[in-house]
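Working notes, structure below.
The values are calculated or read from the model by the stated rules, or taken from the named source; none is laboratory data. Keep in mind that what you see is a predicted model, and the values were worked out from it rather than measured. We place every Cβ from the backbone using ideal geometry, glycine too, and count neighbours over all the protein chains shown.
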Amino acid sequence: MELRVAHLYPDVMNLYGDRGNVAALRARCERRGIGFQVVAVGLGDRFDPDTVDLVLIGGGQDREQRRVAPDLAARGPALREAVEGGLPVLAVCGGFQLFGHRYVDHDGSVIPGIGVFDAETRHPGPVADRCIGDVVVETPFGEVVGFENHGGRTYLATGQEPFGTVRLGFGNNGEDRTEGARRKRAIGTYLHGSVLPKNPALADTLILWGLQRRYGDAARLGPLEEGAERSAHAAALRAAQARARRPS
Ligand code: GLN
């Protein structure tokens, strides 16, 4: 078997180690003898979501988001249709924001999104504190840990499922304890870190979803030795717990 992954704007949308998500997926496939192919999709590149098994997009500063938004908007209808058809997606932070309807950035400019998630992001302005620190989220894939650094606050429309519930950290907006968003097999999250190396169950879920898209429900993943992943997960959890104990 082979997993074919599209990485959107890898040279522009890549903050706080988001490339590590590709490395984690590659390692977890190749350790199982599963082939792994990455298709980098840059500005203006031809790309058909039906030719890949999984799509990744990382985070970016406001100016990078402004730079990719028009190109991503042109890809919006095909990506929305593919997500409705079960395309697995991991969209991190700035990428997550652009998979919502829009992002009103730090100087009030409206950056259009593609509306995969029924959500909107608004930056409260240049003097507002950023949402920064270690995060622990309760999700259907278990406890997920990571690191957040965003100015924008994301608000989910009624009926839009979150990725999870914040146990420690800010999450979407520091108010309603939601973190990220999920639409079928598309996941948006604020968690950098990168998120996949220290959350193997989430990484394997995305891999299995991608293999099932190509090979059907018969696709299966065998277990892997996960000492390093568990150690990284535990370290991130301790960091989040220590942060929660510090007086704000
Ligand atoms: N520029 C966006 C914000 O500040 C996203 C940042 C990021 O991707 N880490 O909210």
Condition broken by LEU90, with the remaining ones in (1) within 18 Å of THR205 (Cα to Cα); (2) of a type in the set (A, V, I, L, M); (3) surrounded by fewer than 18 Cβ atoms within 10 Å (Cβ to Cβ) satisfied:
(3)
In segment 186-197, is there at least one residue being assigned to a strand (DSSP E or B), out of contact with any Cys (no Cβ under 7 Å at 6 or more places or on another chain) and surrounded by fewer than 20 Cβ atoms within 10 Å (Cβ to Cβ)?
no
All but one of (1) within 16 Å of the ligand (Cβ to nearest atom); (2) farther than 16 Å from PRO112 by Cα hold for PHE96, so report the exception by its number.
(2)
Hits in segment 167-179 (condition: over 14 Å from ALA91 (Cβ atoms) and either within 16 Å of the ligand (Cβ to nearest atom) or not in a strand (DSSP E or B) (or both))
GLY169, PHE170, GLY171, ASN173, GLY174, GLU175, ASP176, ARG177, THR178
Contact list, first residue from segment 174-201 and at positive phi and modelled with pLDDT of 95 or more, second anywhere and within 12 Å of the ligand (Cβ to nearest atom) and of a type in the set (Val, Ile, Thr), beta-carbon distance below 6 Å, six or more apart or interchain, is GLY180/THR189
For segment 23-57, what are the residues that are under 20 Å from ASN199 (Cα atoms), of a type outside the set (D, E, K, R) and either in contact (Cβ under 8 Å) with a residue 60 or more places away in the chain or away from the ligand (no atom under 16 Å from the Cβ) (or both)?
ALA23, ALA24, LEU25, ALA27, CYS29, ILE34, PHE36, LEU54, VAL55
Need at least 2 residues that are over 16 Å from the mean Cα position of the chain (by Cα) and more than 21 Å from ASP176 (Cβ to Cβ) per element, so show me which strands (runs of 3 or more DSSP E) inside segment 35-151 make the cut, counting only ones lying wholly within it.
35-41, 110-112
Check segment 180-200 and report whether any residue there is farther than 26 Å from ARG63 by Cβ, away from the ligand (no atom under 13 Å from the Cβ) and among the β-branched types (Val, Ile, Thr).
no
